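The values are calculated or read from the model by the stated rules, or taken from the named source; none is laboratory data. Computed from a predicted model, the values in this text were never measured in an experiment. So basically every Cβ, Gly included, is an ideal-geometry build from the backbone, and we count neighbours across all protein chains shown.
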Amino acid sequence: MSKSLKIILFAISGFVGLLVLVAVALLLFVEPNAYKPRFEAAASGALGMEVRVGGRLGIGLFPGLLVTLEDVHIRTRGVDLVSAKEVRLGIDLLPLIQKEVRIGKIALKNPSISIERDRDGKFNFETPQTVGTLPALDLAKVSLSDGNILYADKKSGEGFEAGDCSLDVRRLLLSGGKSTDLIKNLSFTAELDCGEIRTKDFTVSDLKFSADGKNGVFDLKPVTMRVFGGQGSGSIRADFSGAVPLYHVRYSLPQFRIEEFFKTLSPQKVAEGSMDFSANLSMQGKTVNEMKQTANGEAALRGENLTLNGRNLDLEFSRFESSQNFNLVDVGAFFFAEPVGLAITKGYNFASIFQGSGGSSKIRTLASDWKVGHGVAQAQDVAMATNEHRIALRGGLDFVNGRFDDVTVALIDANGCAKVQQKIRGPFQKPVVEKPNILKSLAGPALKLLKKGRKLFPGGECEVIYAGSVAPPK
C-alpha cells in the first residue's frame, strides 16, 4: 500500500473516530428532552403549523445519528393534520461539523394523515407559508409504515379512507424556487402499498403501484388492485410540465364479479357471473370539470353466461304486450355495471330489476362499448342477448353535465329493428323515463306473419338501430 493511500485512510479513520466521539459526548452529557420545546418551536415556525411531541425525544448513534420522536402531532386549525406513533430522523454527520443540520432520512411509524378540502376548494394543509419561495430539498429516503390516510372533500361530498399503507420514497429532490413550481421542480421514485381503500360506493384492496417523477412528468405503473372480486391493473401518466396538466389513464379489470358490483346498489343477489372491463382515456385541465370536458378515449364492458336472479326476462318480454308493466330501462343497468357506471347506476333507481317476479334469466352475451369525446360517451356497440331476445341501447352519456343524452333502450328483432323502445333523458340523479313505445306486435303468430311480409315487401323494412357484435338468438 502506498504512503499517500495510508495517509488518506488514516485521516479518514481519524475523522470518523472524531465524529463518533462527538456523538457519544452528546449522548452522555446532553439531555435530549430538554431541547424538546425548542424543537417544537422551530418545527412549528418552519411548517406554519402547530407541532407537538407528546412522548420522549431520543438520540441514537448507530447506524448513524438518529433522532427519535414519539407521539408526534402536526395540527392546523385546531385539528390534527398528521400524527405518528414514532418519527425517526436520520441526520447526516458531516454537515454537523459546520453546525448545519441536514436530514437525510425520515421514517414514520403508524402515521395518520387527514386531508380535507373545504367548500371553497382550499385544503387544510394550505398556509401562508406555502405561498412564496421553497428551499431546496435532498432526502435519500422517506418511508411510512402501517399508516392511515383520510381524505374528505366537503365541496363534492366525495372522499376515501385508506388503511394499512406503506410508502417508500427514494431520492426525493426539490430544486427549490417558487411554490407554484413545486411539482415541476420535484423528482423521486416511490412504491406505495395499501391494504384497503374505502369509498362511499365500493372498497378497493391490495392497491400497489410504483411511481417515477421528474421534470413535472409522473408515471405510475403498474397500478394494481382488487375491486369487485377482480384483479385490476393499469397505468397513469400525469404531465405537469406545461401550462395545463395532461393525464393519460389505462385500466383493465378482467373477470370481476357482477354480483359484487350490484352490492353497491342493493343487498340482494341480483345477478351472477364474471365480466371484463377496460378503459383508455386522456384528459387535461386544472379542475375536475375541465378534465371532464376534455376527456377522450374509449371504454368497454363484456360478459358471457350471466345469470339474472328473480326475473325471467324471456317470459316477461313475451307477456309484455298484454301487461306492459316491464321497464326496459331497468335492464339497462347491466350496460353500466362497471366502475365508471357508478355515477349513473347510483343516480337512477333500477327498482324493478331488484324486486323480481320469480325465476331467473340467462344472459348469453353482453357488450357495452363506448367512444368518449369531450366528456360525452357515445354508445358504439351496446346490447345483450338472452335465450330468446335481444336488447340494445343507443345514445350518449354526458359526464360533463351529468345527463342522459338521447338514450334509447330497445327490444330488437333479428334484423336489429326495434319492436319496443323506451327513452331516458335528463340528469343522472333524477332522470325522466318515458313510457315504452310498442312499434311491433310481440305476439308469436303476428310476428311470424310480419316476417313473411318482409320477404314479400323488402321495401317495408324498418330502420336498423343495432348492427353490432351481439348475435340474435337462434
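Just to be sure before I move on: is residue 298 touching an Asp or Glu at 6+ places or on another chain (Cβ under 8 Å), free of Cβ contacts under 8 Å to residues at least 60 places away in the same chain and under 26 Å from residue 396 (Cα atoms) in the structure I sent?
It is false that residue 298 is touching an Asp or Glu at 6+ places or on another chain (Cβ under 8 Å), free of Cβ contacts under 8 Å to residues at least 60 places away in the same chain and under 26 Å from residue 396 (Cα atoms).
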Neighbours by Cβ (under 8 Å, 6+ apart or cross-chain): first from the range 110-126, without any contact (Cβ under 8 Å) to a residue 40 or more places away in the chain; second surrounded by 14 or more Cβ atoms within 10 Å (Cβ to Cβ) and in a loop (DSSP other than H, G, I, E, B): 114/124; 115/124; 115/125; 116/124; 117/124; 118/124
Pairs where the first residue, in the range 326-345, is farther than 19 Å from residue 273 by Cβ and the second is hydroxyl-bearing (Ser, Thr, Tyr) and crowded, with 20+ Cβ neighbours inside 10 Å, C-beta under 9 Å, 6+ apart: 329/348
Search result, residues across the range 231-267 that are charged (D, E, K, R) and either under 19 Å from the mean Cα position of the chain (by Cα) or at pLDDT 95 or above (or both): 237, 239, 250, 257, 260, 263
Qualifying residue in the range 445-465 (condition: modelled with pLDDT of 90 or more, out of contact with any helix residue (DSSP H, G or I) (no Cβ under 7 Å at 6 or more places or on another chain) and crowded, with 18+ Cβ neighbours inside 10 Å): no
In the range 379-430, residue modelled with the lowest pLDDT [restricted to those that are touching a Leu at 6+ places or on another chain (Cβ under 6 Å) and polar (S, T, N, Q)]: 422
Counted residues, the range 125-160 - those being at pLDDT below 75 and either at positive phi or outside any strand (DSSP E or B) (or both): 10
Those residues of the range 369-412 which are farther than 26 Å from residue 250 by Cα, part of a strand (DSSP E or B) and among the acidic types (Asp, Glu), in sequence order: 406
Strands (runs of 3 or more DSSP E) wholly inside the range 174-257 containing at least 1 residues that are in contact (Cβ under 8 Å) with a residue 24 or more places away in the chain, closer than 30 Å to residue 269 by Cα and of a type in the set (Gly, Ala, Ser): 186-198, 230-239, 246-257
Top-ranked residue in the range 185-227 [being touching a helix residue (DSSP H, G or I) at 6+ places or on another chain (Cβ under 9 Å) and of a type outside the set (D, E, K, R); ranked as surrounded by the most Cβ atoms within 10 Å (Cβ to Cβ)]: 227
Candidate set from the range 281-314 (those that are at pLDDT 90 or above and aliphatic (A, V, I, L, M)); member that is farthest from residue 242 (Cα to Cα): 306
Out of 340, 372, 376, sole residue that is of a type in the set (Val, Ile, Thr) and modelled with pLDDT under 75: 340
